[in-house]
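The values are calculated or read from the model by the stated rules, or taken from the named source; none is laboratory data. Because the structure is a prediction, the values reported are computed rather than measured. Heads up, the Cβs are rebuilt from the backbone with ideal geometry, glycines too, and the neighbour counts pull from every protein chain shown.
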Amino acid sequence: MKDAFATDLAEEYNDSETIRLYYCDKGEIARFIVTQFLNRETSNFQSFFDKVEEICPGCDAEIVTLMGVGLFENIQNIGGPVIDYYSSFDQWLKPISKSE
């Protein structure tokens, strides 16, 4: 995931003048997660979603919204009818993530 995201960042923000679009960044992460899920490459999911759960309690409302809207809703939207977000990802989500 790190390599894919680093590549996306390099392509998207190729100069220091570009304004960072965090919701778009989360969309790229969500797209990567959906692709991995569809390819049954989920070995790192628990670690990833554990980190999301770990980060959220110490964040302000804006960051929690970024995670909820930017990440979780993007996973739902990108997965569309192919993935039942709640049952498909339930095994990796913790209480805070499930509430988003």
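Here is a yes/no grid of residues against (1) modelled with pLDDT of 80 or more; (2) over 19 Å from S88 (Cα atoms); (3) not in a helix (DSSP H, G or I):
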residue	(1), (2), (3)
E28	yes, yes, no
R31	yes, no, no
S43	yes, no, yes
Q46	yes, no, no
K51	yes, no, no
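Assuming S43 fulfils every condition listed in (1) loosely packed, with under 13 Cβ neighbours inside 10 Å; (2) among the polar types (S, T, N, Q); (3) under 13 Å from the mean Cα position of the chain (by Cα) apart from one, which condition is it?
(3)
Can you name the number of the only condition in (1) farther than 15 Å from S99 by Cα; (2) surrounded by 11 or more Cβ atoms within 10 Å (Cβ to Cβ); (3) not hydroxyl-bearing (S, T, Y) that D3 fails?
Failing condition for D3: (2).
Looking only at region 65-100, count how many residues are among the aromatic types (F, W, Y) and closer than 16 Å to K51 by Cα. Even if it seems obvious, please write down each step before you answer.
So the first thing to find is which residues in region 65-100 are among the aromatic types (F, W, Y), and the list is 72, 85-86, 89, 92.
Add one more test, that the residue is closer than 16 Å to K51 by Cα, and what stays is 72, 89, 92.
Result for region 65-100: 3.
Any residue in region 55-64 that is under 22 Å from A10 (Cα atoms), within 14 Å of the chain's Cα centre (by Cα) and either surrounded by 15 or more Cβ atoms within 10 Å (Cβ to Cβ) or free of Cβ contacts under 8 Å to residues at least 40 places away in the same chain (or both)?
Keep residues of region 55-64 that are under 22 Å from A10 (Cα atoms), which gives none.
Looking for residues that are under 22 Å from A10 (Cα atoms), within 14 Å of the chain's Cα centre (by Cα) and either surrounded by 15 or more Cβ atoms within 10 Å (Cβ to Cβ) or free of Cβ contacts under 8 Å to residues at least 40 places away in the same chain (or both), one finds none in region 55-64, hence no.
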